[in-house]
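S.K.: The structure under discussion is supplied below as structure tokens; questions concerning it will follow.
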Amino acid sequence: MKRRYDVVVIGAGPVGSFTAYQLAERGLKVCLIDKKERIGEDSICAGVIGREAFERYDLPADTVLSSINSVSFFSPFGQRLEYEQKNFFAYVVDRDLFDRKLFLRAKKRGVEIFLGQRVSDISGAPYFYTVKSNRQTHNTKAVVVATGIDCRLHEKVGLKPPPQYLYGSQIEIAVPHSPTKLEIHIGRDFAPGSFGWLIPFRKGHAKIGVLLPQTSKKWLKKFVQQRLGINHGFDEKNIRIKAIAYGPVDKSVNGNILLVGEAAGQVKTTTGGGIFYGLLCSEIAVDNLVRTLKDGYGLSEYDITWRSALASELDIGRNLRLIAAKLDDQKVENLFSFVKQNRFWVELLVPRIDFDYHSNVIFFCMKSFGQLLRLGD
Ligand SMILES: Cc1cc2nc3c(=O)[nH]c(=O)nc-3n(C[C@H](O)[C@H](O)[C@H](O)COP(=O)(O)OP(=O)(O)OC[C@H]3O[C@@H](n4cnc5c(N)ncnc54)[C@H](O)[C@@H]3O)c2cc1C
């Protein structure tokens, strides 16, 4: 059976559901298709989202597990630097519930839903696309591909996947010392060129993970057991690993088809966080889709707009990773010592910190600490 829509959105992750919801809110006939039978199950994510994003997009507050107003940074040899704000600047959400709530919001707004349908083909030309799934065929004027790291449709629509991937490995586990602060740990023993995180999300429990260019479980095992000293209750079988897009796609539009969210590589290259950038680009996509369908405007401005918003962030994050890959632990240790001994640095650094935009503080650090870290060596 063929159905006709203004826009077919493929993928009911947070970005796809939010896009479908906004399009329906703007009066378009929209459907949302996902290969999963149920939305909001089995996600692999730390679920940290900045407060500003929460407020900007009126995200579901009843999904918040805990609020963050401080971060402890640990050096390779265990020195600690604290970043603390009077007010909460981020939240940890129950990611399954978060996805489900955004999905239900779209459904309630009148978006037609098709679950358990893997889209396998998209054909046609602007204003007459046919979207085929294993069960149905849908006709539409425009298509939004929000399929996350599953890029099998990209080639079918003449677009390329993100250039590279990192891998997030995470475990949820009882933590004996009941931490209350988000912790970021740096050290080549467990996260070479990157970092590990510990995020308390309910009393005595934390999400613990590492972000690396490879999939092996051994780094997270080292982080949990050797670095954090947690052995009780640790079972390697409970480690979950998922790829994270690293870097933007070359091109995110072809005719009236666009990529959004992780499918377009709209993910922080520093931390691997993809929810806020995905929602931001979804907002830009919706404005462009509405104009295009009304006035025949064309979607190329979507590509230009999101790139101009995020290009410097995505670029500088990649540069930071290239530098971090070469830094030995002693240099990082020296940096921690230097900042601890010269507390005025904290006063200079803190105003430059932004939860979602990291280029300002990274650029400042590269300029200020380049000599100390001997980045030219
Ligand atoms: C360990 C780890 C920790 C993370 N922590 C954070 C964090 O703290 N904060 C943060 O912001 N981000 C974090 N991320 C990244 C974040 O999870 C992703 O960036 C985010 O899920 C991207 O959302 P999305 O809607 O673009 O894609 P997804 O959430 O991946 O949704 C894509 C949807 O498309 C569907 N789909 C795919 N192909 C098809 C098809 N052919 N037909 C039909 N349906 C299809 C899938 O079933 C899925 O439901 C983390 C990632 C990992 C791995």
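The values are calculated or read from the model by the stated rules, or taken from the named source; none is laboratory data. Note that the structure is a prediction, hence the values are computed from the model and not measured. Virtual Cβ from ideal backbone geometry, glycine too; neighbours counted across all protein chains shown.
To keep it simple, each residue is scored yes or no on (1) more than 21 Å from Gly148 (Cα to Cα); (2) more than 13 Å from the ligand (Cβ to nearest atom); (3) of a type outside the set (Ser, Thr, Tyr); (4) not assigned by TED's automatic domain parsing to the domain that holds Leu211.
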position	(1), (2), (3), (4)
Ile10	no, no, yes, yes
Gly16	no, no, yes, yes
Gln22	no, yes, yes, yes
Arg26	yes, yes, yes, yes
Lys29	yes, yes, yes, yes
Asp34	no, no, yes, yes
Glu37	no, no, yes, yes
Glu41	no, no, yes, yes
Phe54	no, no, yes, yes
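S.K.: While we're looking at this one, here's another question. Among the numbered criteria (1) over 24 Å from the mean Cα position of the chain (by Cα); (2) exposed (fewer than 14 other Cβ atoms within 10 Å of the Cβ); (3) under 22 Å from Tyr83 (Cα atoms), which one does His232 miss?
M.R.: (3)
Every residue, every condition in (1) more than 21 Å from the chain's Cα centre (by Cα); (2) buried (at least 17 other Cβ atoms within 10 Å of the Cβ); (3) in contact (Cβ under 8 Å) with a residue 60 or more places away in the chain, yes or no:
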{"position": "Leu322", "(1), (2), (3)": "no, no, no"}
{"position": "Asp328", "(1), (2), (3)": "yes, no, yes"}
{"position": "Val332", "(1), (2), (3)": "yes, yes, yes"}
{"position": "Phe336", "(1), (2), (3)": "yes, yes, yes"}
{"position": "Val339", "(1), (2), (3)": "yes, yes, yes"}
{"position": "Ser359", "(1), (2), (3)": "no, yes, no"}
{"position": "Met366", "(1), (2), (3)": "yes, no, no"}
{"position": "Leu372", "(1), (2), (3)": "yes, no, no"}
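S.K.: Where the second residue is of a type outside the set (A, V, I, L, M, F, W, C) and the first is in the same structural domain as Leu104 (by TED's automatic domain parsing) and lies in the stretch 60-78, which pairs have Cβ atoms under 9 Å and are six or more apart or on separate chains?
M.R.: Within 9 Å, no pair qualifies.
S.K.: Any residue that is farther than 30 Å from Leu327 by Cα, acidic (Asp, Glu), part of a helix (DSSP H, G or I) and more than 14 Å from the ligand (Cβ to nearest atom) - is there at least one of those in the stretch 96-103? Outline the logic, then answer.
M.R.: Taking the stretch 96-103 and keeping what is farther than 30 Å from Leu327 by Cα, we get 96-103.
Still in the running and acidic (Asp, Glu): 96, 99.
Those still in the list that are part of a helix (DSSP H, G or I) too: 96, 99.
Still in the list and also more than 14 Å from the ligand (Cβ to nearest atom): none.
So far as the stretch 96-103 goes, no, none of its residues is farther than 30 Å from Leu327 by Cα, acidic (Asp, Glu), part of a helix (DSSP H, G or I) and more than 14 Å from the ligand (Cβ to nearest atom).
S.K.: Please report, ordered by residue number, the strands (runs of 3 or more DSSP E) entirely within the stretch 14-92 with at least 1 residues that are at pLDDT below 95.
M.R.: Ranges flagged: 64-68, 70-74, 80-84.
S.K.: Only one of Ser120, Ser133 is within 11 Å of the ligand (Cβ to nearest atom), surrounded by 15 or more Cβ atoms within 10 Å (Cβ to Cβ) and assigned by TED's automatic domain parsing to the domain that holds Gly255. Can you tell me which?
M.R.: Ser133
S.K.: Something else now. Please find, among Leu153, Leu159, Leu166, the residue that is near the ligand (Cβ under 9 Å from one of its atoms), more than 30 Å from Ser66 (Cα to Cα) and either surrounded by 14 or more Cβ atoms within 10 Å (Cβ to Cβ) or among the charged types (D, E, K, R) (or both).
M.R.: From the options Leu153, Leu159, Leu166, the qualifying one is Leu153.
S.K.: Ser308 passes all but one of (1) under 29 Å from Gly78 (Cα atoms); (2) among the hydroxyl-bearing types (Ser, Thr, Tyr); (3) modelled with pLDDT of 95 or more; which number fails?
M.R.: Failed condition: (1).
S.K.: What number of residues within the stretch 215-255 satisfy the criterion of being hydrophobic (A, V, I, L, M, F, W, C), in a strand (DSSP E or B) and under 30 Å from Ser300 (Cβ atoms)?
M.R.: Number satisfying all stated conditions: 4.
S.K.: Could you list, in sequence order, all residues of the stretch 254-298 that are within 23 Å of the chain's Cα centre (by Cα), hydroxyl-bearing (Ser, Thr, Tyr) and either surrounded by fewer than 23 Cβ atoms within 10 Å (Cβ to Cβ) or at pLDDT below 95 (or both)?
M.R.: Thr270, Thr271 - these are the residues of the stretch 254-298 that are within 23 Å of the chain's Cα centre (by Cα), hydroxyl-bearing (Ser, Thr, Tyr) and either surrounded by fewer than 23 Cβ atoms within 10 Å (Cβ to Cβ) or at pLDDT below 95 (or both).
Every residue, every condition in (1) within 23 Å of Arg95 (Cα to Cα); (2) away from the ligand (no atom under 13 Å from the Cβ); (3) in the same structural domain as Thr140 (by TED's automatic domain parsing); (4) basic (Lys, Arg), yes or no:
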{"position": "Ile184", "(1), (2), (3), (4)": "yes, no, no, no"}
{"position": "Leu198", "(1), (2), (3), (4)": "yes, no, no, no"}
{"position": "Val210", "(1), (2), (3), (4)": "yes, no, no, no"}
{"position": "Leu220", "(1), (2), (3), (4)": "yes, no, no, no"}
{"position": "Arg227", "(1), (2), (3), (4)": "no, yes, no, yes"}
{"position": "Glu262", "(1), (2), (3), (4)": "yes, no, yes, no"}
{"position": "Gly265", "(1), (2), (3), (4)": "yes, no, yes, no"}
{"position": "Phe276", "(1), (2), (3), (4)": "yes, no, yes, no"}
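S.K.: Oh, and also: Suppose we keep only residues that are polar (S, T, N, Q) and part of a loop (DSSP other than H, G, I, E, B) within the stretch 163-213. Which one would you say is farthest from the chain's Cα centre (by Cα)?
M.R.: It comes out as Ser178.
S.K.: Criterion first (in contact with a Lys or Arg (Cβ under 7 Å, 6 or more places away or on another chain) and more than 16 Å from Ala20 (Cβ to Cβ)) does Ile113 satisfy it? Write out each step before concluding.
M.R.: On the way: in contact with a Lys or Arg (Cβ under 7 Å, 6 or more places away or on another chain): yes; more than 16 Å from Ala20 (Cβ to Cβ): no.
Answer is no for this residue.
S.K.: Quick one: count up the residues across the stretch 239-257 that are within 13 Å of the ligand (Cβ to nearest atom) and farther than 19 Å from Tyr357 by Cα.
M.R.: 7
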